[in-house]
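The values are calculated or read from the model by the stated rules, or taken from the named source; none is laboratory data. Being a predicted model, the structure only gives us computed values, none of them experimental. With ideal geometry, Cβ positions are generated from the backbone for all residues, glycine too; neighbour counts draw on all protein chains shown.
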Ligand code: PPS
């Protein structure tokens, strides 16, 4: 997509601070909602690999790991394009002439690696029909919330988050783009043994990236030497990705993502929620969390 074009459209007020509109009860941008029939009928192919996450759960990190695996640890090949052009974000819709996720995906030769934040019930059915491999990454709710809050402050393509207090309530109520975190992580968890889904946790990736990358290698039926594995760990570390313009979203105009408000690669660690929640906010959040996740076998670590 042309950055000048994006800025032109932004000046015309065409898509910044977007309107929202629900799809089957899930909050989306109006642009996504209006295009929903086309998104729902997206044709997946058997050799597509899908990286699915709730927003801010470690999508970009996983995309970089997968790309490095697919390119045998050649970091220069992985710098061929921005993350969002290497791996189309299938539901992400921008006004023409900007390219939407569907346009990019449909134009991409196979095998494709795709990204989505859709809750499991909204995944286009062709992914199930074609039995595609899916990597799902989950991150604990409080760190997701913090990351999403700062992202919503710096990214003019998503709604303004309001105050911190307001945002906590919106997140708890699932009144944020892509809906409820609780339903998302649980919905995908319930499907993980019925389909080809590798369910990973951000906290585990942070604790032992090599161990988690080995899981991805096995899932993708790929083998690399120990030397290549070390290269993948290094080039997908937070510190290295933070300075990689093809992975850190800094090539977008600052009128769209303003990294001076909060960088996309912000902290990259579990437990940062402690620097944001007051004790009272944390207790209230935990109480509500226990109710929403009651009976679930899914557990998260909130620090490592
Ligand atoms: S998005 O916009 O939904 O695709 O965002 P997403 O990539 O899922 O999440 C962004 C958060 O992931 C952190 N990040 C990383 N953490 C650890 N290691 C690596 N390599 C890494 N790359 C990205 C990023 O910093 C965001 O988290 P916060 O907590 O805001 O720092």
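A few remarks follow.
- Tally of residues being within 11 Å of the ligand (Cβ to nearest atom) and over 16 Å from residue 85 (Cβ atoms) across segment 244-265: 3
- With a requirement of 3 or more residues that are surrounded by 14 or more Cβ atoms within 10 Å (Cβ to Cβ) and modelled with pLDDT of 95 or more, the helices (runs of 4 or more DSSP H) lying completely within segment 1-40 that satisfy it span 30-34, 36-40.
- The sole residue among 190, 160 that is surrounded by fewer than 19 Cβ atoms within 10 Å (Cβ to Cβ), over 15 Å from the mean Cα position of the chain (by Cα) and closer than 30 Å to residue 219 by Cα is 190.
- Flag if residue 111 is in contact (Cβ under 8 Å) with a residue 12 or more places away in the chain and in contact with a strand residue (DSSP E or B) (Cβ under 9 Å, 6 or more places away or on another chain): yes
- Between 153, 211, the distinction of being more than 25 Å from residue 68 (Cα to Cα), assigned to a helix (DSSP H, G or I), within 16 Å of the ligand (Cβ to nearest atom) and over 16 Å from the mean Cα position of the chain (by Cα) belongs to 153 only.
- Segment 49-78, subset within 8 Å of the ligand (Cβ to nearest atom) and on the phi > 0 side of the Ramachandran plot, residue surrounded by the fewest Cβ atoms within 10 Å (Cβ to Cβ): 56
- Tally of residues being outside any helix (DSSP H, G or I) and touching a residue at least 40 places away in the same chain (Cβ under 8 Å) across segment 188-208: 8
- Of all the listed residues (81, 44, 52, 105), the sole one being in a loop (DSSP other than H, G, I, E, B) and in contact with a strand residue (DSSP E or B) (Cβ under 8 Å, 6 or more places away or on another chain) is 44.
- Yes/no for residue 232 being under 18 Å from the mean Cα position of the chain (by Cα), buried (at least 18 other Cβ atoms within 10 Å of the Cβ), at pLDDT 95 or above and under 17 Å from residue 70 (Cβ atoms): no
- Residues in segment 214-227 that are surrounded by fewer than 17 Cβ atoms within 10 Å (Cβ to Cβ) and either more than 26 Å from residue 131 (Cα to Cα) or within 15 Å of the ligand (Cβ to nearest atom) (or both): 3 in all.
- Matching residues in segment 123-150 - criterion: being assigned to a helix (DSSP H, G or I) and buried (at least 19 other Cβ atoms within 10 Å of the Cβ): 127, 141, 142, 143, 144, 145, 146, 147, 148, 149, 150
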